[in-house]
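In what follows, a structure is listed as structure tokens, so that the remarks can point back to it.
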Amino acid sequence: MTPPENAAIQETNNSEGAWQNVVADWSSDQRAFKKVPWGKAMMWIFLLSDTFIFSIFLISYMTVRMSTTAEWPHASEVFALSFGGEPIPLILIAIMTFILITSSGTMVLAVNYGYRKDRIKTVIFLLITAAFGASFVGMQAFEWTKLIVEEGVRPWSNPMGAHQFGAIFFMITGFHGTHVSIGVIFLFIVARKVWRGEYDNESLGYFTSRKGNYEHVETMGLYWHFVDLVWVFIFAFFYLW
Amino acid sequence: MSNTNSHVEGQQHPLSVYIWIWIALFVLSACSYAVDYYHFEGYLRWTLILIFMFLKAGLIIAVFMHMMWERLALVYALGIPVIAVFVFIALMVFESDYTFLTRGTFFSGGG
């Protein structure tokens, strides 16, 4: 028979003792998150703290926008783009949204093929994800340039309305863009590791001295999906609201 | 919520699940863009934006980030602290309403 603790681990979430399992996990020795690789648990805790950072940015945006007596610039018109004809509202932002969603899908495929130990496909999908991420950053650079050079938007003033608009825009999209850029760099690093077979051979990590494992691809995926997740909120609150 | 086959060899799920969620995310993104494109205004606009936003966020967290297959101990550890964000939002709504009223009085020469 299995020992009592193992039996508790085997229990499923939807069994009757779901809450008892949570209590058992949290009150057990050494590990609260049973069967969750440490890298993944730490990534989740980092993402939780990052959630608070972006929440604070968006809340400060809400506070500033609700308390200003000047009219807030219409994002729909500010971010409109014309391809020779009538300006299409928010078109670049919509394309960027679809690019991030697509890259999330390719990331999920990379994680899946990683666990199937399909090295080549994992590398291919990681590189596709990185390419989408890089194109996202490129479009953001284009958007910033257009706003700064053509529209004259500055963090302290802008010709369209409430002066706080620029500060909020550069802070939130800048922080998000930084996250995407860092993600692209790490996608290349993980892709290189998969390509060299470091997860198949369990090579020791350069910084961590831990054995390589395809779980790293999933941890990488968590970060990448989080970047997409943040964009969902930025898109809704900053661009659409 | 089945937890039977996960964590032994990591999170492995059939590709079709991901593909369907992927398609759903595309449709939801198109919907939220349509809200702006067709100029919905007022409470209808804000409600639609929030619905599509929460659906998208929920699908990404639950399926793409595998949250629905994780153990409850981890789900609660990550989910419960987020309540603080909603408390903060409520606090700042009152605060900014107050600031707005004060500014209105001040800029109109009163106060």
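The values are calculated or read from the model by the stated rules, or taken from the named source; none is laboratory data. What you see is a predicted model, and the numbers here were worked out from it, not measured in a lab. Every residue, glycine as well, gets a Cβ built from its backbone with ideal geometry; the counts of neighbours run over all protein chains shown. Surface accessibility is based on the protein's heavy atoms, side chains included, excluding ligands, DNA and RNA. Shrake-Rupley method; radii C 1.70, N 1.55, O 1.52, S 1.80 Å.
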### Query
When you look at A:K146, is it at pLDDT below 95, of a type in the set (K, R) and outside any helix (DSSP H, G or I), yes or no?
no
### Summary
Of those in the range A:201-241 that are assigned to a loop (DSSP other than H, G, I, E, B) and closer than 16 Å to A:V111 by Cβ, the residue farthest from the other protein chains (Cβ to nearest Cβ) is A:G212
### Query
Would a scan of the range A:102-110 turn up a residue that is surrounded by fewer than 17 Cβ atoms within 10 Å (Cβ to Cβ), touching a residue at least 40 places away in the same chain (Cβ under 8 Å), among the small types (G, A, S) and under 25 Å from B:V35 (Cα atoms)?
no
### Message
A:I53 - would you say it is under 28 Å from the mean Cα position of the chain (by Cα), modelled with pLDDT of 85 or more and at the interface with chain B (Cβ under 8 Å from one of its Cβ atoms)?
### Response
no
### Query
When the range B:44-70 is examined, which residues are found to be open to solvent by 30 Å² or more (accessible area, probe 1.4 Å), facing chain A (nearest Cβ under 8 Å), more than 15 Å from A:K40 (Cα to Cα) and over 8 Å from the mean Cα position of the chain (by Cα)?
B:W46, B:F52
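Looking only at the range B:71-85, filter to residues that are more than 7 Å from every other protein chain (Cβ to nearest Cβ) and touching a helix residue (DSSP H, G or I) at 6+ places or on another chain (Cβ under 9 Å); which one of those is surrounded by the most Cβ atoms within 10 Å (Cβ to Cβ)?
Checked the range B:71-85; the qualifying residue surrounded by the most Cβ atoms within 10 Å (Cβ to Cβ) is B:A77.
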### Summary
Here, helices (runs of 4 or more DSSP H) confined to the range A:13-97 with at least 3 residues that are open to solvent by 20 Å² or more (accessible area, probe 1.4 Å) and of a type outside the set (G, A, S) are A:18-27, A:38-67
### Message
Looking only at the range A:170-199, count every residue that is open to solvent by less than 10 Å² (accessible area, probe 1.4 Å), in a helix (DSSP H, G or I) and closer than 18 Å to A:Y214 by Cα and tell me the total.
### Response
4
### Task
Return the only residue of B:V17, B:V27, B:V63 being free of Cβ contacts under 8 Å to residues at least 40 places away in the same chain and either in a helix (DSSP H, G or I) or in contact with a strand residue (DSSP E or B) (Cβ under 6 Å, 6 or more places away or on another chain) (or both).
B:V27
